[in-house]
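Report on the following structure.
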Amino acid sequence: MNRPSLITPDVVQERRQVGDFRWFWTAQGASFTGDQLREFTLPLLALYTLNASATDLGVINAAQWVPFLLLALPLGVLIDRHRRRRLLILSDAARAILIVVLVGAVALGALSVPGLVVTAAVLGIFAVVHEVGYQSVIPSLVPRKHLEKANSRIQATAAAADVGGPGLGGLIVQLLGAPATLLVNACAYLTSAGALAAIRTPESKPATHANRNFLAELRAGVSLVAHDPYLKSNVGFSAIYNPFAQWVTILLVVHAVRELGLEPAQLGLVFSVGAAGALAGAALTPRLTARLTVGRIMMLCVTVECLMLAVLPLADASWGTVAVIAFLGAALALNGAGTTISSVLLITIRQLRTPDELLGRVNATMRTVTYGTIPLGALAGGFAGDWLGTRLGMFVGGILCLSTILWVALSPLSRVKALSDVSRE
(Lines give C-alpha, C1' and ligand atoms only; values in the text may rest on other atoms or scores of the structure.)
Protein backbone atom coordinates (compact mmCIF):
# COMPACT_ATOMS: atom_id res chain seq x y z
CA MET A 1 0.00 0.00 0.00
CA ASN A 2 1.45 3.35 -1.05
CA ARG A 3 1.44 6.04 1.57
CA PRO A 4 0.61 9.57 0.47
CA SER A 5 3.68 11.76 0.12
CA LEU A 6 4.16 14.34 2.85
CA ILE A 7 6.14 16.53 0.47
CA THR A 8 3.40 18.67 -1.01
CA PRO A 9 3.93 21.40 -3.62
CA ASP A 10 3.59 23.97 -0.83
CA VAL A 11 6.39 22.30 1.13
CA VAL A 12 8.61 22.23 -1.97
CA GLN A 13 7.93 25.90 -2.61
CA GLU A 14 8.64 26.82 1.03
CA ARG A 15 11.95 24.94 0.98
CA ARG A 16 12.92 26.66 -2.25
CA GLN A 17 12.06 30.04 -0.76
CA VAL A 18 14.19 29.30 2.30
CA GLY A 19 17.15 28.26 0.15
CA ASP A 20 16.80 31.20 -2.17
CA PHE A 21 16.55 33.66 0.71
CA ARG A 22 19.75 32.19 2.16
CA TRP A 23 21.56 32.85 -1.13
CA PHE A 24 20.11 36.35 -1.19
CA TRP A 25 21.11 36.85 2.43
CA THR A 26 24.66 35.72 1.62
CA ALA A 27 24.82 38.11 -1.32
CA GLN A 28 23.75 41.05 0.80
CA GLY A 29 26.28 40.16 3.47
CA ALA A 30 29.10 40.21 0.90
CA SER A 31 27.81 43.40 -0.70
CA PHE A 32 27.41 45.16 2.65
CA THR A 33 30.96 44.17 3.59
CA GLY A 34 32.21 45.55 0.29
CA ASP A 35 30.36 48.80 0.93
CA GLN A 36 31.89 49.14 4.38
CA LEU A 37 35.41 48.48 3.08
CA ARG A 38 34.93 51.06 0.33
CA GLU A 39 33.41 53.73 2.58
CA PHE A 40 36.15 53.23 5.18
CA THR A 41 39.06 53.07 2.74
CA LEU A 42 38.35 55.87 0.24
CA PRO A 43 38.72 58.70 2.82
CA LEU A 44 41.96 57.16 4.12
CA LEU A 45 43.21 56.74 0.56
CA ALA A 46 42.53 60.45 0.01
CA LEU A 47 44.13 61.47 3.33
CA TYR A 48 47.30 59.39 3.09
CA THR A 49 47.88 59.18 -0.68
CA LEU A 50 46.59 62.59 -1.81
CA ASN A 51 46.91 64.60 1.44
CA ALA A 52 43.27 65.68 1.02
CA SER A 53 41.64 68.46 3.07
CA ALA A 54 38.31 68.24 4.91
CA THR A 55 36.66 69.99 1.94
CA ASP A 56 38.22 67.44 -0.45
CA LEU A 57 36.77 64.62 1.64
CA GLY A 58 33.39 66.34 1.60
CA VAL A 59 33.44 66.53 -2.20
CA ILE A 60 34.57 62.88 -2.56
CA ASN A 61 31.84 61.65 -0.24
CA ALA A 62 29.24 63.89 -1.88
CA ALA A 63 30.15 62.41 -5.28
CA GLN A 64 29.13 58.95 -4.04
CA TRP A 65 25.66 60.19 -3.09
CA VAL A 66 24.83 62.66 -5.89
CA PRO A 67 23.67 59.80 -8.19
CA PHE A 68 20.89 59.06 -5.71
CA LEU A 69 19.61 62.60 -6.16
CA LEU A 70 19.87 62.60 -9.97
CA LEU A 71 19.23 58.99 -11.00
CA ALA A 72 17.26 57.12 -8.35
CA LEU A 73 13.82 58.07 -9.76
CA PRO A 74 14.43 57.05 -13.39
CA LEU A 75 16.32 53.94 -12.30
CA GLY A 76 13.37 53.03 -10.09
CA VAL A 77 11.13 52.93 -13.17
CA LEU A 78 13.66 50.76 -15.02
CA ILE A 79 13.98 48.41 -12.06
CA ASP A 80 10.21 47.88 -12.02
CA ARG A 81 10.35 47.13 -15.78
CA HIS A 82 13.11 44.51 -15.61
CA ARG A 83 14.12 41.46 -13.60
CA ARG A 84 15.62 42.92 -10.47
CA ARG A 85 18.13 40.19 -9.60
CA ARG A 86 19.88 40.60 -12.95
CA LEU A 87 20.33 44.29 -12.27
CA LEU A 88 21.80 43.53 -8.84
CA ILE A 89 24.34 41.15 -10.40
CA LEU A 90 25.28 43.82 -12.95
CA SER A 91 25.71 46.37 -10.14
CA ASP A 92 28.05 44.12 -8.14
CA ALA A 93 30.17 43.15 -11.14
CA ALA A 94 30.51 46.73 -12.35
CA ARG A 95 31.60 47.99 -8.93
CA ALA A 96 34.22 45.25 -8.67
CA ILE A 97 35.68 46.27 -12.04
CA LEU A 98 35.74 49.96 -11.10
CA ILE A 99 37.55 49.22 -7.83
CA VAL A 100 40.22 47.22 -9.69
CA VAL A 101 40.68 50.15 -12.13
CA LEU A 102 41.07 52.51 -9.16
CA VAL A 103 43.77 50.29 -7.63
CA GLY A 104 45.54 50.27 -10.98
CA ALA A 105 45.55 54.07 -11.04
CA VAL A 106 47.11 54.13 -7.57
CA ALA A 107 49.80 51.63 -8.63
CA LEU A 108 50.67 53.77 -11.66
CA GLY A 109 50.78 56.97 -9.63
CA ALA A 110 47.98 58.41 -11.77
CA LEU A 111 45.40 59.02 -9.03
CA SER A 112 44.28 62.58 -8.24
CA VAL A 113 41.50 64.14 -6.20
CA PRO A 114 39.40 64.88 -9.34
CA GLY A 115 39.95 61.32 -10.54
CA LEU A 116 38.85 59.93 -7.18
CA VAL A 117 35.77 62.16 -7.28
CA VAL A 118 34.79 60.83 -10.72
CA THR A 119 35.36 57.22 -9.67
CA ALA A 120 33.29 57.74 -6.52
CA ALA A 121 30.45 59.17 -8.62
CA VAL A 122 30.42 56.20 -11.02
CA LEU A 123 30.50 53.79 -8.07
CA GLY A 124 27.55 55.75 -6.71
CA ILE A 125 25.54 55.14 -9.89
CA PHE A 126 25.76 51.37 -9.48
CA ALA A 127 25.15 51.74 -5.74
CA VAL A 128 21.80 53.34 -6.64
CA VAL A 129 20.85 50.27 -8.68
CA HIS A 130 21.76 47.95 -5.81
CA GLU A 131 20.16 50.00 -3.04
CA VAL A 132 16.85 50.48 -4.85
CA GLY A 133 16.83 46.96 -6.25
CA TYR A 134 17.67 44.77 -3.25
CA GLN A 135 14.85 46.07 -1.05
CA SER A 136 12.47 45.50 -3.95
CA VAL A 137 13.54 41.84 -4.25
CA ILE A 138 12.84 40.80 -0.65
CA PRO A 139 9.00 40.70 -0.92
CA SER A 140 9.30 38.37 -3.93
CA LEU A 141 11.31 35.87 -1.85
CA VAL A 142 9.49 36.14 1.49
CA PRO A 143 5.75 36.04 2.38
CA ARG A 144 4.50 39.41 3.63
CA LYS A 145 3.85 38.04 7.13
CA HIS A 146 7.57 37.26 7.45
CA LEU A 147 8.86 40.60 6.11
CA GLU A 148 9.81 41.99 9.52
CA LYS A 149 11.85 38.87 10.31
CA ALA A 150 13.54 38.93 6.89
CA ASN A 151 14.32 42.63 7.16
CA SER A 152 15.70 42.10 10.67
CA ARG A 153 18.05 39.42 9.35
CA ILE A 154 19.19 41.60 6.46
CA GLN A 155 19.75 44.55 8.80
CA ALA A 156 21.56 42.28 11.27
CA THR A 157 23.84 41.22 8.43
CA ALA A 158 24.39 44.85 7.50
CA ALA A 159 25.27 45.53 11.13
CA ALA A 160 27.66 42.56 11.19
CA ALA A 161 29.34 43.96 8.08
CA ASP A 162 29.54 47.30 9.88
CA VAL A 163 31.32 45.49 12.72
CA GLY A 164 33.75 43.50 10.59
CA GLY A 165 34.21 45.89 7.68
CA PRO A 166 35.95 48.83 9.37
CA GLY A 167 38.02 46.56 11.63
CA LEU A 168 39.16 44.44 8.69
CA GLY A 169 39.68 47.56 6.59
CA GLY A 170 41.70 49.29 9.28
CA LEU A 171 43.90 46.22 9.78
CA ILE A 172 44.59 45.77 6.06
CA VAL A 173 45.25 49.49 5.56
CA GLN A 174 47.63 49.41 8.55
CA LEU A 175 49.54 46.37 7.26
CA LEU A 176 49.30 46.50 3.46
CA GLY A 177 47.88 49.90 2.56
CA ALA A 178 44.60 51.18 1.12
CA PRO A 179 44.97 49.59 -2.38
CA ALA A 180 45.09 46.07 -0.92
CA THR A 181 41.96 46.83 1.08
CA LEU A 182 40.18 47.91 -2.09
CA LEU A 183 41.09 44.61 -3.78
CA VAL A 184 39.35 42.77 -0.93
CA ASN A 185 36.44 45.13 -1.52
CA ALA A 186 36.28 44.03 -5.19
CA CYS A 187 36.29 40.34 -4.16
CA ALA A 188 33.33 40.98 -1.84
CA TYR A 189 31.27 42.42 -4.70
CA LEU A 190 32.11 39.43 -6.93
CA THR A 191 31.02 37.07 -4.14
CA SER A 192 27.70 38.89 -3.93
CA ALA A 193 27.17 38.56 -7.70
CA GLY A 194 27.87 34.82 -7.53
CA ALA A 195 25.42 34.26 -4.67
CA LEU A 196 22.65 36.12 -6.51
CA ALA A 197 23.27 34.01 -9.60
CA ALA A 198 22.79 30.86 -7.49
CA ILE A 199 19.14 31.65 -6.67
CA ARG A 200 17.10 28.91 -8.35
CA THR A 201 13.59 30.31 -8.54
CA PRO A 202 13.05 32.01 -11.91
CA GLU A 203 12.18 35.65 -11.48
CA SER A 204 8.90 36.52 -13.13
CA LYS A 205 9.11 39.02 -15.94
CA PRO A 206 7.30 42.28 -15.12
CA ALA A 207 4.13 42.90 -17.09
CA THR A 208 4.64 44.94 -20.24
CA HIS A 209 2.25 47.37 -21.85
CA ALA A 210 2.51 48.74 -25.36
CA ASN A 211 1.49 52.23 -24.30
CA ARG A 212 3.78 52.56 -21.31
CA ASN A 213 4.62 56.13 -20.37
CA PHE A 214 7.90 56.62 -18.54
CA LEU A 215 6.93 59.89 -16.87
CA ALA A 216 3.54 58.57 -15.82
CA GLU A 217 5.15 55.52 -14.21
CA LEU A 218 7.68 57.73 -12.46
CA ARG A 219 4.93 60.00 -11.15
CA ALA A 220 3.01 57.01 -9.76
CA GLY A 221 5.82 56.20 -7.31
CA VAL A 222 6.31 59.84 -6.33
CA SER A 223 2.57 60.34 -5.89
CA LEU A 224 2.21 57.36 -3.54
CA VAL A 225 5.03 58.64 -1.30
CA ALA A 226 3.70 62.21 -1.37
CA HIS A 227 0.12 61.26 -0.45
CA ASP A 228 0.62 58.34 1.94
CA PRO A 229 1.07 59.77 5.47
CA TYR A 230 3.26 56.89 6.65
CA LEU A 231 5.54 56.94 3.62
CA LYS A 232 5.81 60.74 3.79
CA SER A 233 6.76 60.55 7.47
CA ASN A 234 9.17 57.73 6.65
CA VAL A 235 11.01 59.73 4.01
CA GLY A 236 11.15 62.84 6.19
CA PHE A 237 12.80 60.95 9.06
CA SER A 238 15.75 59.83 6.93
CA ALA A 239 15.95 63.00 4.82
CA ILE A 240 16.57 65.12 7.92
CA TYR A 241 18.80 62.70 9.81
CA ASN A 242 21.07 61.41 7.01
CA PRO A 243 22.82 64.64 5.91
CA PHE A 244 23.73 65.64 9.47
CA ALA A 245 24.94 62.11 10.24
CA GLN A 246 27.16 62.31 7.14
CA TRP A 247 28.35 65.78 8.18
CA VAL A 248 29.48 64.48 11.58
CA THR A 249 30.97 61.22 10.27
CA ILE A 250 33.18 62.93 7.67
CA LEU A 251 34.61 65.29 10.26
CA LEU A 252 35.02 62.44 12.77
CA VAL A 253 37.43 60.66 10.39
CA VAL A 254 39.55 63.79 9.89
CA HIS A 255 39.38 64.74 13.58
CA ALA A 256 40.32 61.23 14.75
CA VAL A 257 43.37 61.02 12.47
CA ARG A 258 44.70 64.57 12.73
CA GLU A 259 43.57 65.79 16.17
CA LEU A 260 43.06 62.66 18.28
CA GLY A 261 46.06 60.84 16.82
CA LEU A 262 44.31 57.55 15.97
CA GLU A 263 45.96 55.18 13.50
CA PRO A 264 43.91 53.41 10.76
CA ALA A 265 43.58 50.18 12.76
CA GLN A 266 42.45 52.14 15.84
CA LEU A 267 39.92 54.11 13.81
CA GLY A 268 38.64 50.85 12.33
CA LEU A 269 38.25 49.52 15.87
CA VAL A 270 36.17 52.55 16.84
CA PHE A 271 33.75 52.00 13.97
CA SER A 272 33.66 48.24 14.62
CA VAL A 273 32.79 48.76 18.29
CA GLY A 274 30.15 51.21 17.20
CA ALA A 275 28.70 48.77 14.70
CA ALA A 276 28.42 46.09 17.39
CA GLY A 277 25.62 48.22 18.78
CA ALA A 278 23.90 48.07 15.39
CA LEU A 279 24.17 44.28 15.44
CA ALA A 280 22.63 44.17 18.91
CA GLY A 281 19.87 46.50 17.75
CA ALA A 282 18.93 44.21 14.87
CA ALA A 283 18.73 41.25 17.26
CA LEU A 284 16.58 43.19 19.74
CA THR A 285 14.04 44.52 17.22
CA PRO A 286 11.56 41.56 17.35
CA ARG A 287 11.61 41.59 21.16
CA LEU A 288 11.05 45.33 21.32
CA THR A 289 8.10 45.23 18.91
CA ALA A 290 6.56 42.48 21.03
CA ARG A 291 6.73 44.60 24.21
CA LEU A 292 6.49 48.24 23.10
CA THR A 293 4.44 50.10 20.53
CA VAL A 294 6.19 50.93 17.27
CA GLY A 295 5.71 54.64 17.96
CA ARG A 296 7.50 54.48 21.31
CA ILE A 297 10.36 52.53 19.76
CA MET A 298 10.67 55.13 17.00
CA MET A 299 10.86 58.01 19.48
CA LEU A 300 13.42 56.20 21.62
CA CYS A 301 15.56 55.35 18.59
CA VAL A 302 15.60 58.82 17.04
CA THR A 303 16.44 60.43 20.37
CA VAL A 304 19.39 58.12 21.01
CA GLU A 305 20.64 58.37 17.40
CA CYS A 306 20.78 62.16 17.46
CA LEU A 307 22.13 62.63 20.98
CA MET A 308 25.03 60.26 20.38
CA LEU A 309 26.15 62.25 17.31
CA ALA A 310 26.03 65.45 19.36
CA VAL A 311 28.39 64.10 22.07
CA LEU A 312 31.13 62.83 19.73
CA PRO A 313 33.04 66.18 19.73
CA LEU A 314 33.59 65.85 23.49
CA ALA A 315 36.38 63.29 22.95
CA ASP A 316 39.81 64.79 23.67
CA ALA A 317 43.33 63.54 22.97
CA SER A 318 44.33 64.33 26.57
CA TRP A 319 42.20 61.38 27.72
CA GLY A 320 44.60 58.88 26.18
CA THR A 321 44.07 56.55 23.24
CA VAL A 322 42.21 53.80 25.11
CA ALA A 323 39.70 56.20 26.66
CA VAL A 324 39.13 57.98 23.34
CA ILE A 325 38.48 54.67 21.54
CA ALA A 326 36.12 53.53 24.31
CA PHE A 327 34.16 56.78 24.34
CA LEU A 328 33.79 57.09 20.58
CA GLY A 329 32.97 53.38 20.25
CA ALA A 330 30.29 53.52 22.95
CA ALA A 331 28.64 56.60 21.43
CA LEU A 332 28.65 55.04 17.96
CA ALA A 333 27.34 51.75 19.39
CA LEU A 334 24.28 53.44 20.87
CA ASN A 335 23.81 55.44 17.67
CA GLY A 336 24.09 52.24 15.60
CA ALA A 337 21.56 50.38 17.74
CA GLY A 338 19.01 53.14 17.31
CA THR A 339 19.69 53.48 13.59
CA THR A 340 19.32 49.75 12.91
CA ILE A 341 16.11 49.31 14.88
CA SER A 342 14.48 52.33 13.26
CA SER A 343 15.68 51.17 9.81
CA VAL A 344 14.07 47.74 10.23
CA LEU A 345 10.77 49.35 11.17
CA LEU A 346 10.90 52.00 8.43
CA ILE A 347 11.71 49.47 5.70
CA THR A 348 8.96 47.12 6.88
CA ILE A 349 6.40 49.94 6.95
CA ARG A 350 7.44 50.94 3.42
CA GLN A 351 7.01 47.37 2.14
CA LEU A 352 3.64 46.93 3.88
CA ARG A 353 2.31 50.19 2.47
CA THR A 354 3.48 49.65 -1.14
CA PRO A 355 2.04 47.35 -3.85
CA ASP A 356 4.76 45.11 -5.31
CA GLU A 357 4.49 46.59 -8.81
CA LEU A 358 5.32 50.03 -7.37
CA LEU A 359 7.99 48.96 -4.90
CA GLY A 360 10.98 49.81 -7.11
CA ARG A 361 9.65 53.29 -7.84
CA VAL A 362 8.71 53.94 -4.21
CA ASN A 363 12.16 52.81 -3.03
CA ALA A 364 13.69 55.03 -5.72
CA THR A 365 11.61 58.01 -4.61
CA MET A 366 12.65 57.39 -1.03
CA ARG A 367 16.32 57.10 -1.96
CA THR A 368 16.18 60.25 -4.12
CA VAL A 369 15.15 62.29 -1.12
CA THR A 370 16.82 60.46 1.77
CA TYR A 371 20.15 59.82 0.06
CA GLY A 372 19.90 62.90 -2.14
CA THR A 373 20.29 65.09 0.94
CA ILE A 374 23.51 63.33 1.96
CA PRO A 375 25.76 65.19 -0.54
CA LEU A 376 24.54 68.45 0.99
CA GLY A 377 25.55 67.20 4.42
CA ALA A 378 28.92 65.95 3.13
CA LEU A 379 29.75 69.29 1.49
CA ALA A 380 28.50 71.34 4.44
CA GLY A 381 30.48 69.16 6.83
CA GLY A 382 33.67 69.52 4.81
CA PHE A 383 33.33 73.31 4.61
CA ALA A 384 32.45 73.56 8.31
CA GLY A 385 35.52 71.51 9.21
CA ASP A 386 37.88 73.77 7.28
CA TRP A 387 36.15 76.95 8.47
CA LEU A 388 35.34 76.18 12.12
CA GLY A 389 37.73 73.32 12.83
CA THR A 390 36.75 69.68 13.03
CA ARG A 391 35.60 69.71 16.68
CA LEU A 392 33.29 72.73 16.42
CA GLY A 393 32.14 71.61 12.98
CA MET A 394 31.08 68.23 14.41
CA PHE A 395 29.25 69.97 17.27
CA VAL A 396 27.24 72.17 14.90
CA GLY A 397 26.25 69.16 12.77
CA GLY A 398 25.21 67.19 15.86
CA ILE A 399 23.03 70.01 17.20
CA LEU A 400 21.29 70.47 13.85
CA CYS A 401 20.57 66.73 13.75
CA LEU A 402 18.35 67.07 16.83
CA SER A 403 15.65 68.52 14.55
CA THR A 404 14.93 64.92 13.47
CA ILE A 405 13.41 64.24 16.89
CA LEU A 406 10.80 66.97 16.40
CA TRP A 407 9.84 65.59 12.95
CA VAL A 408 9.21 62.07 14.28
CA ALA A 409 7.32 63.35 17.34
CA LEU A 410 4.88 65.30 15.12
CA SER A 411 4.48 62.53 12.50
CA PRO A 412 2.10 59.52 12.40
CA LEU A 413 5.12 57.27 13.06
CA SER A 414 5.06 58.21 16.75
CA ARG A 415 1.45 56.97 17.02
CA VAL A 416 1.78 53.55 15.36
CA LYS A 417 0.95 50.73 17.79
CA ALA A 418 1.83 47.65 15.71
CA LEU A 419 3.22 47.05 12.23
CA SER A 420 0.05 45.18 11.25
CA ASP A 421 -1.90 48.41 11.73
CA VAL A 422 -0.17 50.08 8.74
CA SER A 423 -0.52 47.20 6.27
CA ARG A 424 -2.72 47.94 3.24
CA GLU A 425 -3.91 44.33 3.34
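The values are calculated or read from the model by the stated rules, or taken from the named source; none is laboratory data. Nothing here was measured: the structure is a model prediction, and the numbers come from that model. Because the Cβ atoms are built from the backbone with ideal geometry, glycine has one as well, and the counts that use them run over all protein chains shown. These area figures cover heavy atoms from the full protein model, side chains too; ligands, DNA and RNA do not enter into them. Shrake-Rupley method; radii C 1.70, N 1.55, O 1.52, S 1.80 Å.
Roll a 1.4 angstrom probe over the protein heavy atoms and tell me the percent of accessible area of region 345-394 that is carbon or sulfur. If you can, show how the numbers build up before the last one.
On the way: 1080 of 1530 Å².
About 71 percent, which is the carbon plus sulfur part of the accessible surface.
How much length is gained on full extension from ALA290 to ASP421, taking 0.36 nm per residue of separation minus their Cα-Cα distance? Working shown, then result.
Values: separation 131, 0.36 × 131 = 47.16 nm, distance 1.39 nm.
Gain on extension, ALA290 to ASP421, equals 45.8 nm.
In this structure region 290-401 gives 36 Å² per residue of accessible area when probed at 1.4 Å with all protein chains present. Quick note on region 247-327: its Rg to Rh ratio, both from C-alpha atoms and Rh being the Kirkwood radius, is 1.07. Cα-based radius of gyration for region 34-98, normalised by 2.2 N^0.38 Å, reads 1.39.
Work from the charge dipole of the chain (Cβ charges, +1 for Lys and Arg, -1 for Asp and Glu, about the Cα centre) and give the residue of GLY115, VAL270, THR33 farthest towards its positive end. Selected residue: THR33.
Across all directions, the average projected area of the convex hull around the alpha carbons of the chain is 23.1 nm².
Can you pull out the trypsin sites (Lys or Arg not before Pro) in region 392-425 whose DSSP state is coil and whose Cβ has at most 13 other Cβ atoms within 10 Å? Passing sites in region 392-425 are LYS417, ARG424. For region 332-425, what value does the Rg/Rh ratio take when both radii are computed over Cα atoms and Rh is the Kirkwood radius, given to two decimals? Dividing the radius of gyration by the Kirkwood radius yields 1.05.
Proximity of backbone amide H atoms, modeled 1.01 Å from N, is registered between ASP228 and no other residue at under 5 Å, excluding neighbours fewer than 5 places apart on the same chain. Within region 334-375, the proportion of Cα pairs with more than 15 Å between them is 53 percent.
Only alpha carbons enter this Debye calculation for region 41-144, each as an equal point scatterer, and the log10 of I(q)/I(0) it gives at q = 0.18 Å⁻¹ is -0.86.
Counted by Cβ distance under 14 Å from ARG95, the other residues give a net charge of -3, where Lys and Arg count +1 and Asp and Glu count -1. According to the Kirkwood relation over distinct C-alpha pairs, the hydrodynamic radius of region 196-352 is 18.4 Å.
Give me D for region 374-425 in µm² s⁻¹, whole number, from Stokes-Einstein with Rh from the Kirkwood sum over alpha-carbon pairs, 4 °C and 1.567 mPa s.
Working: Rh = 13.5 Å.
It comes out at roughly 96 µm²/s.
Per residue, the accessible area of region 18-60 comes to 32 Å², computed with a 1.4 Å probe over protein heavy atoms only.
If R0 is 25 Å, what FRET efficiency do you get for LEU90 and ASP356 from their C-beta distance, rounded to 0.05? It would help to have the intermediate numbers written out before the result.
Numbers: r = 21 Å, r/R0 = 0.86.
The value I calculate is 0.70.
Its alpha carbons considered, region 93-146 gives a radius of gyration followed by a Dmax of 16.3, 53 Å.
When the solvent-accessible area of region 249-327 is split by element, carbon and sulfur atoms take up 66 percent of it, the probe being 1.4 Å.
Its Cα gyration tensor gives region 293-348 an equivalent ellipsoid. The semi-axes, each the square root of 5 times an eigenvalue, are 28, 10, 7 Å from largest down.
Counting charges near ASN242 (Lys, Arg +1; Asp, Glu -1) among other residues having Cβ under 13 Å from its Cβ returns a value of -1. Couplings 3J(HN,Hα) of region 335-346, computed from phi: 4, x, 4, x, 4, 5, 4, 5, 5, 4, 5, 5 Hz, in residue order, whole Hz [Karplus 6.51 cos²θ - 1.76 cosθ + 1.60, θ = phi - 60°; x for Gly and Pro].
Can you work out the FRET efficiency for the pair LEU50 and ALA317, with r the C-beta to C-beta distance and R0 = 30 Å, to the nearest 0.05?
On the way: r = 25 Å, r/R0 = 0.82.
Efficiency for this residue pair is about 0.75.
For the chain, what does the relative contact order come out to in percent, with C-alpha contacts under 8 Å and a separation of six or more?
Numbers: 719 pairs, mean separation 122.4, N = 425.
Reported as a whole number, the value is 29 percent.
Residues in region 171-184 carry Karplus couplings, in order, of 5, 5, 4, 5, 8, 10, x, 5, x, 5, 5, 5, 5, 4 Hz; the curve used is 6.51 cos²θ - 1.76 cosθ + 1.60 with θ = phi - 60°, and Gly or Pro positions show x.
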